[in-house]
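Only the coordinates and a few stated rules stand behind these numbers; no lab work does. Keep in mind that this is a model prediction, so the values were computed, not measured. Ideal geometry is used to build each Cβ from the backbone, glycine not excepted, and the neighbour counts take in all protein chains shown.
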Amino acid sequence: MHKYPTGSDTGPQRVSQHASAVELYEGDSFILPCQYNTFALTDPSVLWSRSDLSPPTVHQRQLQGDELKDQNQRYSGRTSMKTDALDTGDLSLNLTNLQLSDSATYTCSVTDLRYGYMRLGDVQLQVKERFPSWVKALLVLLVVSGGLLFHFRYYFMSVIDHPVSQVLMVEYKNLNYV
């Protein structure tokens, strides 16, 4: 199942577990896919991690619920999983309010008493700026210059109405007729 992301206005997006790379924008939400038949597991735990972080834990869920004491702080309040994830085998992770620093490879793994650690798959996520920096700078420049022109409009109008300006304008008009 491939569904390509279209933005946060449509809700979290989902792609197949075999997707190698996904591109999204800052502020979007995304569901990192991971499916596994967990029925035969004994006391399973699912871990989403990033090997480039310390601590590497993005989100961890056990049968009793989320276990977030070792979660990396940059993900605090931005991750969630279905409450029945370990019962249904849908181990997908919902990641909200994406940031540029979320660009990385995420690993989904399961640990249980019988089989130990099992790496289930990786999803590479690329987060881009919604608007490039130069567009933001140009918008700021336009707003500031428009505000300055508006603010000093009376000054510019008074220069045109100044008696010396009127004399110069009359002389300039007379020169054009010569």
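Results, tabulated for the structure shown:
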quantity: 3J(HN,Hα) from dihedral phi, the range 66-82, Karplus parametrisation 6.51/-1.76/1.60, rounded to Hz, x for glycine, proline; calculated: 5, 10, 10, 5, 9, 5, 5, 4, 5, 9, 4, x, 10, 10, 7, 9, 4
quantity: Signed unit charges on C-beta, dipole axis of the range 85-149, positive-most listed residue Leu113, Ala137, Leu100; calculated: Ala137
quantity: D_trans [Stokes-Einstein, Kirkwood Rh over alpha-carbon pairs] for the range 88-139, 20 °C, 1.002 mPa s, µm² s⁻¹; calculated: 152 µm²/s
quantity: For Lys128, distant residues with modelled amide H under 5 Å away; calculated: Leu24, Tyr25, Glu26
quantity: Geometric extent, Cα atoms of the range 43-84 - Rg, Dmax (angstrom); calculated: 10.0, 29
quantity: Computed E for Gln99/Val144 - FRET, C-beta separation, R0 35 angstrom, nearest 0.05; calculated: 0.80
